[in-house]
1. Check A:Asp186, A:Asp161 and return the single one that is modelled with pLDDT of 90 or more and within 16 Å of ligand 2 (Cβ to nearest atom).
2. State the number of residues belonging to region B:21-57 that are more than 16 Å from ligand 1 (Cβ to nearest atom) and closer than 23 Å to A:Glu46 by Cα.
3. Scan region A:249-282 for residues that are part of a helix (DSSP H, G or I) and charged (D, E, K, R) and jot them down.
4. Name the residues in region A:3-17 that are open to solvent by 80 Å² or more (accessible area, probe 1.4 Å) and within 7 Å of chain B (Cβ to nearest Cβ), would you?
5. Within region A:55-65, identify whether any single residue is of a type in the set (Ser, Thr, Tyr), surrounded by fewer than 22 Cβ atoms within 10 Å (Cβ to Cβ) and within 14 Å of chain B (Cβ to nearest Cβ), and answer yes or no.
6. Does any residue of region B:4-21 turn out to be among the polar types (S, T, N, Q), surrounded by fewer than 17 Cβ atoms within 10 Å (Cβ to Cβ), more than 16 Å from ligand 3 (Cβ to nearest atom) and within 24 Å of B:Ala126 (Cα to Cα)?
7. Go through (1) within 15 Å of the chain's Cα centre (by Cα); (2) open to solvent by 40 Å² or more (accessible area, probe 1.4 Å) and name the single condition A:Ile68 misses.
8. Report yes if B:Gly30 is at the interface with another protein chain (Cβ under 9 Å from one of its Cβ atoms) and part of a loop (DSSP other than H, G, I, E, B), otherwise no.
Amino acid sequence: MLDQLTDFLYPTTVEEAVEALAKAGGKALPLAGGTSLALSRNARVEVLVDITRLGLDRIDVDSDRIEIQCCATAHGITRSSLADLPEAGALVDAAQVSGPSGVRAAMTMGGSLAQCYPWSDPPVALLALEAKVEITRKTKRTVGITKLLEQHPSKALTPGDLITAIVLPRSGGASAFLKQGLTVTDDALASAAVSIRIDQGQEHGKKSTRRKKKAEAPQLSHLRVALGGLRPLPILATGLEDLVGRPMDDAWYETLADLIRSQVRPTEDARAPSAYRRTVAGVLAKRAVQKAVERWKGEPTPV
Amino acid sequence: MKLELTVNGKPCHWDIEPGALLLDVLREHGYTSVKRGCGEGVCGACTVLVDGKRQNSCLLLAGQMQGRTITTVEGLGTIDHPHPIQKAFVAAGAVQCGFCTPGMVLATKALLDETPEPTDEEIRRALDGNLCRCTGYVKILDAVHISVDALKTGGQHPDQAGRHKAHQAIEEAMDQATKAGDTP
Ligand SMILES: Cc1cc2nc3c(=O)[nH]c(=O)nc-3n(C[C@H](O)[C@H](O)[C@H](O)COP(=O)(O)OP(=O)(O)OC[C@H]3O[C@@H](n4cnc5c(N)ncnc54)[C@H](O)[C@@H]3O)c2cc1C
Ligand code: FES
Ligand code: FES
């Protein structure tokens, strides 16, 4: 229980919210879905600023960007137009398994990123999708997700900062997320999010239908892999450049899994040994790329 | 602190501890259909509808409910006039000890308000946050299907004729087995 809590504030504009947070200094926190805060024992919190009345729950898809406002819920993501967009697939997959249905109905994308537990799912997808995070206090600033996750986001955010939106660039590719837990919605023991673009270079100059292009063995022009559940924060896989532009045969997928396994040093705890997490991370990365390719081809991809 | 909200259509003005959970506050005010199971967001026994959306009341501070509208099972139907979803749970035999039932019924209501004809997969996902330790879930899925049919026909009581295809299939299979003489 938040023993020191004395007051709730219910601002209706972003300006009021950031002002209220600034005024209370370190004693106030933004309150979004509450799925973490309701059971928190943070003894410093005296004021909670309810940010669910600011009208910040929209998800807008434009030609050059996707804007997800901070109070969009995991459930909202799965029911939004993102569900039909192959490039946003990783975030939709992650939102679909971010805890049990009652949690998904409440938890917000801003709250998920600010809280960022080792097993949190949306931040892993956002890292693969090269999200930009819009942070508002008196003025707005934008921080790239890779930079934001260099340390825990709570350290990068100073008291009074509000994550107001998460912006994804339009990639025109496809993405996917997979996690391994004891059940579909269990905390991830390991997770992988991938974002790909398919190279259609071989087709240059030729007239060919999209259907024909899709029937050929794909090669990637872009590959970005993020891993979760392994370390306190999501990790961006490195050294994958050589896989780009090569035919994606069985050996390709094995190389990917090997590269992932060889670069991660997962945490060991009561839930799983490090070696298990390492092996699973390789398998998940491989399967997530397969899932993204299927998604790009327009094939159904169940979670 | 003062909390003003609407519960089952009734305006309420309550004095609450700022750190109190919605679950505890509702139960203290007599809404005891809202159950404490796990107390940490996993089991769904504490499900309520907030402005029509399902929420776990064990993961909500009561203070978050300022000005909101809450529905519990007490507000859904009465013993004499149960809601079609409640009737469907009875018709399907989806209630054993009943501890999970208020949450299941409200989660079903939230699902069907949003998706009137869900697929099996959509039903499973919508109810993956509602645990039942008695029924084994099959009859709960039946109950949701019966609810879909009942709500389509304007809340008619889901009688034998309206029972879900799964039941009919089981009954036909049993009939055939009886005729073939290989009943257990
Ligand atoms: C049983 C259970 C299972 C779960 N399983 C998973 C899972 O498998 N995968 C997963 O990803 N998540 C899971 N979660 C959700 C996760 O643990 C967090 O509870 C959730 O992401 C917090 O989101 P919220 O909107 O409820 O945040 P809140 O509880 O409202 O806030 C959490 C923190 O974020 C801060 N905050 C909130 N919004 C903002 C903002 N816009 N700007 C700045 N700071 C902000 C708050 O001040 C607070 O410090 C689970 C939760 C529960 C209870
Ligand atoms: S008591 Fe709230 S989810 Fe279990
Ligand atoms: S009927 Fe007993 S827990 Fe569901």
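The values are calculated or read from the model by the stated rules, or taken from the named source; none is laboratory data. Since the model is a prediction, treat every value here as computed from it, not as a measurement. All Cβ positions, even for glycine, are placed from backbone atoms using ideal geometry, and neighbour counts span all protein chains on display. Please note that ligands, DNA and RNA were not included when accessible areas were found on the heavy atoms of the full protein model with its side chains. Shrake-Rupley method; radii C 1.70, N 1.55, O 1.52, S 1.80 Å.
1. Details: A:Asp161 fails: within 16 Å of ligand 2 (Cβ to nearest atom).
Exactly one of A:Asp186, A:Asp161 is modelled with pLDDT of 90 or more and within 16 Å of ligand 2 (Cβ to nearest atom), namely A:Asp186.
2. Qualifying residue count, region B:21-57: 2.
3. Step one: list which residues in region A:249-282 are part of a helix (DSSP H, G or I), which gives A:250-263, A:274-282.
Residues satisfying the conditions are A:Asp250, A:Glu254, A:Asp258, A:Arg261, A:Arg277, A:Arg278.
4. Residues of region A:3-17 open to solvent by 80 Å² or more (accessible area, probe 1.4 Å): A:3-4, A:6, A:12, A:15-16.
Selection gives A:Asp3, A:Thr6.
5. First pass over region A:55-65, keeping only residues of a type in the set (Ser, Thr, Tyr): A:63.
If we keep only those that are surrounded by fewer than 22 Cβ atoms within 10 Å (Cβ to Cβ) too, we end up with A:63.
If we keep only those that are within 14 Å of chain B (Cβ to nearest Cβ) too, we end up with none.
Within region A:55-65 (the criterion being of a type in the set (Ser, Thr, Tyr), surrounded by fewer than 22 Cβ atoms within 10 Å (Cβ to Cβ) and within 14 Å of chain B (Cβ to nearest Cβ)), the answer is no, since none of the residues qualifies.
6. So in region B:4-21, the residues among the polar types (S, T, N, Q) come out as B:6, B:8.
With surrounded by fewer than 17 Cβ atoms within 10 Å (Cβ to Cβ) added as a condition, the list becomes B:6, B:8.
Checking which are more than 16 Å from ligand 3 (Cβ to nearest atom) leaves us with B:6, B:8.
So of that shortlist, the ones also within 24 Å of B:Ala126 (Cα to Cα) come out as B:8.
Yes - at least one qualifying residue is present in region B:4-21.
7. Every condition holds for A:Ile68 apart from (2).
8. On the way: at the interface with another protein chain (Cβ under 9 Å from one of its Cβ atoms): no; part of a loop (DSSP other than H, G, I, E, B): yes.
Judged against the criteria, B:Gly30 is not a match.
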